[in-house]
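First the structure, in the form of structure tokens, and then the observations on it.
The values are calculated or read from the model by the stated rules, or taken from the named source; none is laboratory data. Being a predicted model, the structure only gives us computed values, none of them experimental. Please note: Cβ atoms are built from the backbone with ideal geometry, for glycine as well, and neighbour counts cover all protein chains shown. Just the protein is used for accessible areas: all its heavy atoms, side chains included, with ligands, DNA and RNA removed. Shrake-Rupley method; radii C 1.70, N 1.55, O 1.52, S 1.80 Å.
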Amino acid sequence: MQSLEPILIFIRVAEMGSFTRAADSLGIQKGRASTAVRKLEEDLGVRLLHRTTRSVQLTEDGRAYHLRARDLLANVDDLQSMFAKDRAALRGRLRVDLPTDLARTTIIPALPEFMASYPELELEISSTDRQVDLVQEGFDCVLRLGPIGDESLIARKLGRLRMVNAVSPIYVARYGMPQTLDDLRLRSHCTIHYSRTLGTKPYGWEYPDGDGDFATLPLAGALQVNSVQTYEAAGVAGIGLIQAAYSGIRQHLESGALIEILPNFRPEPLDVSLVVAHRQNLSRRVRAFMEWIEEVLAPYLE
């Protein structure tokens, strides 16, 4: 592994954007990290990093080399541990991105069990509702809801996330309980509009049309939000009707803060996929995480 040390240092510098932070994380002196990367560039005959007094950024050659170098080290880890029988043999860093609400309500509460099973793994978890760039941002895998969009990525579909219609008792006390779709159409019920981009046209209230497809019903709503957490909180506050993932509002349903409505007209479930970049062989770290997260999400999938 000694000959791979400069590559490891380069990867850490590239992903942390700093020689100082990278050196601290590896337990080495900053000068040693700088010398190692400079020597690596000399051996390769290309500049891998743009250095300024304030930042360190990858060059185009650096981006290409970074991607291949990460795969190389993952394969080395697999090679070294291929005959290991115990879970503790899995080591190294695992960087993943998760949808914010699913991470908060479902995945993070279960995470201690995974970490106890693999105590030598170092986890880096990003939680965001935007679509991250796996390659440019250095993620080993991401969990995505809905369509993938990028056909160049490798996606493993886990199932479909169950969605429900819900309302707060506060809302019911003011406006009554909708029992049918006609109640929504004729009794001036209102919803909370969710959109990643504020100001866009509201999507509408989704429902099965009876032919195996889904249609939308325009509903009034005085509030539009771009955060799943805010959307659910507004529903609990009684501002309007919501359509949300069961996993995200399960606790509110169990406590009575929300009530499921129109169970025969639930919105279309969301595809749930684990996505990786172009890699012929997934590391044992990634495979272990994929198997675990599939078990965690199983109760909420259709």
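Of the strands (runs of 3 or more DSSP E) contained entirely in the range 95-177, those carrying at least 1 residues that are touching a Lys or Arg at 6+ places or on another chain (Cβ under 6 Å) and of a type outside the set (Ser, Thr, Tyr) fall at 121-127, 163-167.
Scanning the range 1-52 for residues that are under 19 Å from ARG68 (Cβ atoms), touching a strand residue (DSSP E or B) at 6+ places or on another chain (Cβ under 7 Å) and in contact (Cβ under 8 Å) with a residue 40 or more places away in the chain returns VAL13, ALA14. Return yes when GLY256 is on the phi > 0 side of the Ramachandran plot, open to solvent by 30 Å² or more (accessible area, probe 1.4 Å) and touching a Pro at 6+ places or on another chain (Cβ under 8 Å) and no when it is not. Yes, satisfied.
Among the residues of this structure, ILE239 does not count as one that is in contact with a helix residue (DSSP H, G or I) (Cβ under 9 Å, 6 or more places away or on another chain), surrounded by fewer than 19 Cβ atoms within 10 Å (Cβ to Cβ) and not basic (Lys, Arg). For the range 198-242, give me each residue that is assigned to a loop (DSSP other than H, G, I, E, B) and either under 17 Å from ILE259 (Cβ atoms) or of a type in the set (D, E, K, R) (or both). Result: LYS201, ASP209, ASP211, ASP213, ALA237, GLY238, ILE239, GLY240.
Only helices (runs of 4 or more DSSP H) wholly contained in the range 1-89 count here; list those with 3 or more residues that are modelled with pLDDT under 80 and open to solvent by 50 Å² or more (accessible area, probe 1.4 Å). Qualifying helices (runs of 4 or more DSSP H): 60-80. Report whether or not LEU143 is at pLDDT 90 or above, open to solvent by less than 60 Å² (accessible area, probe 1.4 Å) and within 30 Å of PHE289 (Cα to Cα). Considered against the rule, which asks whether it is at pLDDT 90 or above, open to solvent by less than 60 Å² (accessible area, probe 1.4 Å) and within 30 Å of PHE289 (Cα to Cα), LEU143 comes out as no.
Per-residue answers, yes or no, for (1) out of contact with any Asp or Glu (no Cβ under 9 Å at 6 or more places or on another chain); (2) free of Cβ contacts under 8 Å to residues at least 12 places away in the same chain; (3) aromatic (Phe, Trp, Tyr):
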site: THR106; (1), (2), (3): yes, no, no
site: PHE114; (1), (2), (3): yes, no, yes
site: ASP129; (1), (2), (3): no, no, no
site: VAL142; (1), (2), (3): no, no, no
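Here LEU217 fulfils each of the conditions (1) open to solvent by 60 Å² or more (accessible area, probe 1.4 Å); (2) within 18 Å of TYR171 (Cβ to Cβ) apart from (1). Of all the listed residues (GLU232, GLU268), the sole one being over 22 Å from VAL96 (Cβ atoms), touching a Pro at 6+ places or on another chain (Cβ under 8 Å) and modelled with pLDDT of 90 or more is GLU268. Looking only at the range 174-202, filter to residues that are touching a residue at least 24 places away in the same chain (Cβ under 8 Å) and of a type in the set (Lys, Arg); which one of those is surrounded by the most Cβ atoms within 10 Å (Cβ to Cβ)? The qualifying residue surrounded by the most Cβ atoms within 10 Å (Cβ to Cβ) is ARG185.
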